[in-house]
Structure formats: structure tokens, C-alpha cells
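Engineer: Attaching a single structure in C-alpha cells format; questions to follow.
The values are calculated or read from the model by the stated rules, or taken from the named source; none is laboratory data. Here the structure is a predicted model, which means the values were calculated and not measured. Here the Cβ positions follow ideal geometry from the backbone for every residue, glycine too, while neighbour counts run over all protein chains shown. Accessible surface is based on the protein model in full, side chains and every heavy atom, while ligands, DNA and RNA are left aside. Shrake-Rupley method; radii C 1.70, N 1.55, O 1.52, S 1.80 Å.
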Amino acid sequence: MRVAAALRAKGGDEFAKPGNIIEVKFVKGESLSLTASRLLALMILTAGGDAWEDKPHRIRKADIRRGHKGNERITDMLEELHRTLFAVDDKSWRGKKATLRFSLISRSREETEEDGGEAGWIEWEFTPDARKMIQASETYAVLNRQAVLGFRSNYALRLYELGALRLHRRQATWRGDMAALRAALGIPPEVYTDFAQLRRKVLEKAKAEIDQLAHFRVEWREIRQGRTVAEIEFRFEPKSPPEVIETVDELDRHSRGRRERRDGTAETLMVGQGAVAATTNALTKPEEKTFPRGSIRFGHDDLLKIGRTHGGGWDIDMIASGFREHMGERLEKLRGVKLAAAWKGFCESWVTRRGRAI
């Protein structure tokens, strides 16, 4: 909750989602649709560090619709959140193993009267069980709002959340059998019963979207018993700085044509180098600085904070030296958000390769 509050105060597209909520299982035969999953993410982003408190939270409908004129989809998403049940392992009053089933949303209010062009608001409260899980969560995933809203596969969004949750652990992996995989991604038991179909329709599509929109890559390994796939292991790896820059660029582009860009079938418009240079100079803010040549410990608070947060306890200037060597001439062209994203990605990959210093 402290991390969620800090990210909310900072602003921007990053927000924290509690690990307990990410790993909660759907009741058998149920799962959230992509649109309802996005709404839940926006609710957690909006609630921030107050999500565990017994109080209402509010969000504008315009922040949910993303350009759609009607509010009918918002009503459907709210009703879906109300009726979807989740399950966690628990203990009964006798101390026996038990399954706790609950909803995440206790009640909600949706304004149906728009006043003077105002798009209206929704108000909701998390259930006591959901608030207890949020408060008790000792792990969290830092997600990107643009990435969450950019996914076109619900399975990709679920795998993205699992990857973001595990990315900074000593072993950034997830492993489970087919039942665990279906529970984690919300795949109904009667869908994609053949693994070859599941691989093609779920895993390959999810990987393609994550590799394009997330700040990390995902690979998987199939563990077989005879000819049958018994288990699967996902491995999550931070992207290199150039890859992070490409991801930031993609998230800034319109979603139209994203699949073609991912598949390499998008048409490329050739523009004269002079026009490109003029456009780049016009878009570069004068206050955005390049990466410092010397120590970043003085006068570069934002970069220093990123290094301390994601550098695993290593000497910040040592990581910075490796960053300069890795980026070479490309470093002079980085400014603002792209520079911060590339620096953060390099710090994460440094820790992944070398482990934590402390």
C-alpha cells in the first residue's frame, strides 16, 4: 500500500497491484472478460494506497470508456465484477483446510444522469475479504496503465500481471500443471482441451503481445511425461534498454496497426531525414537532459532514485558506467520518459544477471 500511494502521488502510468489479488483463483468455470479485467485494474489504480480502507472510491466514466461514446459497456463490466466469484485457500472455524469464495466488489453506484456534458462517475466499495487480501499482501506488481489497456487478449493480460509480479524475484519463473495454468490464466476447462491448440491460441498470442507491450519478455518450457505436456514453466526477463525504448514508442502509438507492427507487415512511410530531424527537435523539451557523463549521485535525483530502487544494492555509478558502455552513441539521443525507461530496464537486467548486492 505504501508503494501504491507513492506511485499515485508521483503520477504517470505506473501503478501497483497487490500480489494476493493477482494470484487469486477464479471459481471453476468462471473468469473475468478482458474489459472487466481492465476495469478492475483501473479501480485498483484509482484507489491507490487507500484500497484497503473501508471507504468508497470514485472514477470518471470518461477514464474508462477510452473514446467510446456510450456507457452501456461500463454497466456490463460493473455487473460482471459483482457476480464473478474468486477462491482462495483458507481455514475453517475448526482449523481444517477450506476454500473461501468471495466477490471483490460489494456495491457500486453508477450515475445515470449527465449534467452539462459531464460524462458521469461510478462509485464502488471493495468487499471486506478483498480489502483484507489487499492489506495483507506482502508482494506487488508494478504495472503500466497503457500496457494494461493495450492488451487484446485477456490471457495476455493475466500472464503480464503474473510476470510483473515475479520479475524481481531471485528466480523470475512460474511453474504449474495444466490445472494450475488454467486457474492462473482463467481458461475454462472445456476450452482448448488439446495442448497444441492451447499453445497456438493462448500461449503464442500472449507472448507476442507481452513482448511488444511489456517491459519484460516471456519464454516458456514444456515439461512432458511421455508425449503429454504435464507442466509448463514461464520465465520472465527484463528487456534491454533499446528494447524498452521500442516498447515506450509502441505504447505511445495508436493501437490501430499494432498487430501489423508486431508481425512485421505494417507499411513504412519514408520521410526525408531533414523532416525527421526537424520533427524530433520540435518534440524535444528543452528541460529534458541527457544521461550524465559523470556521477549521477548529485543533481540527478530522478535517475538516482531509479538506480537505488531497481539496482539491487549495487553501486549506482558502477551500473551507470555499464549503461553508458551498453548504449554507446544511442545514449545521446535519449531524453525524458525514454531515458528513464531505458535506465530502469538496464538496472533491472543488471540485477537479473548478477543478483542482488545486498
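Engineer: Within 10 Å of the chain's Cα centre (by Cα), among the basic types (Lys, Arg) and surrounded by fewer than 20 Cβ atoms within 10 Å (Cβ to Cβ): which single residue out of Arg145, Arg175 fits that description?
Structural biologist: Values: Arg175 fails: within 10 Å of the chain's Cα centre (by Cα).
None of the others qualify; the one that does is Arg145.
Engineer: Can I ask one more? Looking at the stretch 329-344, I want the residues that are closer than 12 Å to Asp249 by Cα and open to solvent by 30 Å² or more (accessible area, probe 1.4 Å) and have a partner that is modelled with pLDDT under 80 and among the small types (Gly, Ala, Ser) with Cβ atoms under 9 Å, at least 6 apart or on another chain. Which pairs are those?
Structural biologist: Listed by first residue and then by second, the contacts come to Val337/Gly12.
Engineer: Mind checking which residues of the stretch 185-203 are modelled with pLDDT under 90 and touching a strand residue (DSSP E or B) at 6+ places or on another chain (Cβ under 7 Å)?
Structural biologist: Gly186
Engineer: Let me ask something else. Could you tell me which residue of the stretch 291-328 is surrounded by the most Cβ atoms within 10 Å (Cβ to Cβ), considering only residues that are touching a residue at least 40 places away in the same chain (Cβ under 8 Å) and among the small types (Gly, Ala, Ser)?
Structural biologist: Gly307
Engineer: Are there any pairs with C-beta distances below 6 angstrom linking a residue in the stretch 175-194 that is charged (D, E, K, R) to a residue that is exposed (fewer than 15 other Cβ atoms within 10 Å of the Cβ), with the two at least 6 apart or on different chains, and if so which?
Structural biologist: Arg175/Glu233
Engineer: Could you look through the stretch 234-259, keep only residues that are open to solvent by 40 Å² or more (accessible area, probe 1.4 Å) and part of a strand (DSSP E or B), and pick out the one that is modelled with the highest pLDDT?
Structural biologist: In this case the residue turns out to be Arg235.
Engineer: Would you check which residues across the stretch 2-30 are surrounded by fewer than 21 Cβ atoms within 10 Å (Cβ to Cβ), touching a residue at least 12 places away in the same chain (Cβ under 8 Å) and not in a helix (DSSP H, G or I) and list them?
Structural biologist: Asp13, Glu14, Glu23, Val24, Lys25, Phe26, Val27, Lys28, Gly29, Glu30 - these are the residues of the stretch 2-30 that are surrounded by fewer than 21 Cβ atoms within 10 Å (Cβ to Cβ), touching a residue at least 12 places away in the same chain (Cβ under 8 Å) and not in a helix (DSSP H, G or I).
Engineer: Here's a follow-up. Within 30 Å of Ala342 (Cβ to Cβ), exposed (fewer than 15 other Cβ atoms within 10 Å of the Cβ) and modelled with pLDDT under 90: does that describe Arg221? If you could, list the steps in order and put the result at the bottom.
Structural biologist: Numbers: within 30 Å of Ala342 (Cβ to Cβ): yes; exposed (fewer than 15 other Cβ atoms within 10 Å of the Cβ): yes; modelled with pLDDT under 90: no.
Taking the combined requirement at face value, the residue does not satisfy it.
Engineer: Identify, by number, the condition in (1) out of contact with any Lys or Arg (no Cβ under 9 Å at 6 or more places or on another chain); (2) open to solvent by 50 Å² or more (accessible area, probe 1.4 Å) that Ala196 doesn't meet.
Structural biologist: (2)
Engineer: For Thr112, are the conditions met, namely being of a type in the set (Val, Ile, Thr), open to solvent by 40 Å² or more (accessible area, probe 1.4 Å) and farther than 16 Å from Lys25 by Cα?
Structural biologist: Values: of a type in the set (Val, Ile, Thr): yes; open to solvent by 40 Å² or more (accessible area, probe 1.4 Å): yes; farther than 16 Å from Lys25 by Cα: yes.
The answer is yes for Thr112.
Engineer: Return only the number of the condition from (1) out of contact with any strand residue (DSSP E or B) (no Cβ under 8 Å at 6 or more places or on another chain); (2) closer than 28 Å to Lys55 by Cα that Asn144 does not satisfy.
Structural biologist: (1)
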